[in-house]
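Below: the structure, in structure tokens.
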Amino acid sequence: MALSDTERSRLDDAARAGWLYFIAGNTQDEIAKKLHVSRATAQRLVSLSLSERLITFRLHHPIAACMELESRLKDAYELLHCQVVPADPGSKSPVVGAAEAAAAFLEARLRSPNPLIIALGTGRMMRAAVEQIPAMDRADHQLVSLVGNISPDGSASFFDALALLADLTKARHFPMPLPVFLSSESEREKLLRIAPVSRVRGLAEKTDLRLVGIGQMDMNAQLFIDGFISRDELFEMMHLGAVGEITGWVFDAEGRIVEGGSNARLTSIPIRRSPQSLDVGVAIGDAKVSSIRAALRGKLINGLITNETTAQALLKGT
């Protein structure tokens, strides 16, 4: 039976309260302030979210405002997939909400009865998402890395999510056995011709799904903070028009891959623009709006998982 507008609004409020409590970690007092209701009402909404099974540890009830944003983003940027999750106004976390949604999205694909080739980026968002995947036996899938798994100091990348996902799923996995950046373009070209590297790159071209984070290119760029590029290299890329990066590939405000600079030494799998496969970016936050918008403009991704405040910012001026 169809829900009345009043009942739908009540369930929306309950789902939002449940998300703030169980996923974002707010107290009931904090929820009351954020939703502009009494503490007693906040408590009832949280209880309702459980009794109506709107939320277990993931949000199941699609909030109407988020659904509207999803529809508008799909139309504006011709997306194959879009998911907008609630935003916690007081949270400073760069992953909360979006990581949970990415985990649910990835888990659904992993449970597909058909064998899939799934490629992952790296970084905080990818790691946070994979950490929430339950153990399952999916040895029929293949997992491939889009990014080198060696850090600048020669150690394994701390935020590599591929090996963890392989442990959880028992799927065969194919890491990229190279540093993220090499010392020169000529060294890069030489090592990319090594047989194991060529095989990984060939498999990556056949992926059914790519799931990646989207990074900003400013003084808070993770490529710079984590030591993959120097301050001078960051400034060089910014001078060339860089606003964002996906798997290390730096792009400008129109989503064009920047020529030269650190891109010339990068070993990551090239970004593709394929209507036949799903390439989903996961990112939230005001600092990343320009980067996400550029990636959407350039068709560097055809799917997006974000939160409602980021989605609203992306739609301004479209």
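The values are calculated or read from the model by the stated rules, or taken from the named source; none is laboratory data. Being a predicted model, the structure only gives us computed values, none of them experimental. Backbone-built Cβ (ideal geometry, glycine too); neighbour counts: all protein chains shown.
Looking only at segment 97-120, decide whether some residue is farther than 23 Å from ILE63 by Cα and among the polar types (S, T, N, Q). Give the steps one after another, and end with the answer.
We begin by selecting, within segment 97-120, every residue farther than 23 Å from ILE63 by Cα; these are 110-120.
In the following step, the residues that additionally are among the polar types (S, T, N, Q) were identified as 112, 114.
Yes, segment 97-120 contains at least one residue that is farther than 23 Å from ILE63 by Cα and among the polar types (S, T, N, Q).
Are there any pairs, at least 6 apart or on different chains, whose C-beta atoms fall under 7 Å, with the first in segment 139-151 and under 16 Å from LEU110 (Cα atoms) and the second surrounded by 19 or more Cβ atoms within 10 Å (Cβ to Cβ) and among the polar types (S, T, N, Q), and if so, which?
Pairs found: HIS141/THR169; VAL144/THR207.
Out of all the residues in segment 49-97, which are β-branched (Val, Ile, Thr) and surrounded by 15 or more Cβ atoms within 10 Å (Cβ to Cβ)?
Answer for segment 49-97, where residues must be β-branched (Val, Ile, Thr) and surrounded by 15 or more Cβ atoms within 10 Å (Cβ to Cβ): ILE55, ILE63, VAL84, VAL85, VAL95, VAL96.
Here is a list of conditions, (1) free of Cβ contacts under 8 Å to residues at least 60 places away in the same chain; (2) within 25 Å of SER277 (Cα to Cα); (3) part of a loop (DSSP other than H, G, I, E, B); (4) not small (Gly, Ala, Ser), and ARG53 meets all of them except one; can you say which number that is?
Here ARG53 clears every test but (2).
Within segment 272-284, count every residue that is surrounded by fewer than 22 Cβ atoms within 10 Å (Cβ to Cβ) and not polar (S, T, N, Q).
Quick first cut of segment 272-284, residues surrounded by fewer than 22 Cβ atoms within 10 Å (Cβ to Cβ) only: 272-278.
Keeping just the survivors that are not polar (S, T, N, Q) gives 272-273, 275, 278.
Summing the residues that are surrounded by fewer than 22 Cβ atoms within 10 Å (Cβ to Cβ) and not polar (S, T, N, Q) in segment 272-284 gives 4.
For segment 186-231, enumerate the residues that are of a type in the set (S, T, N, Q) and either outside the structural domain of GLY121 (by TED's automatic domain parsing) or not in a loop (DSSP other than H, G, I, E, B) (or both).
Correct list: SER186, SER198, GLN216, GLN222.
Within segment 290-307, which residues are part of a helix (DSSP H, G or I) and buried (at least 21 other Cβ atoms within 10 Å of the Cβ)?
Correct list: SER291, ILE292, ARG293, ALA294, ALA295, LEU296.
Among PRO113, PRO94, PRO89, which is at negative phi and in contact with a Gly (Cβ under 7 Å, 6 or more places away or on another chain)?
Answer to the check: PRO94.
Considering only residues of segment 1-48 that are hydroxyl-bearing (Ser, Thr, Tyr) and in a helix (DSSP H, G or I), which is surrounded by the fewest Cβ atoms within 10 Å (Cβ to Cβ)?
Among those residues, the one meeting the criterion is THR6.
Does ILE118 count as buried (at least 16 other Cβ atoms within 10 Å of the Cβ), of a type in the set (Val, Ile, Thr) and farther than 17 Å from ILE246 by Cβ? Outline the logic, then answer.
Working: buried (at least 16 other Cβ atoms within 10 Å of the Cβ): yes; of a type in the set (Val, Ile, Thr): yes; farther than 17 Å from ILE246 by Cβ: no.
No: the conditions fail for ILE118.
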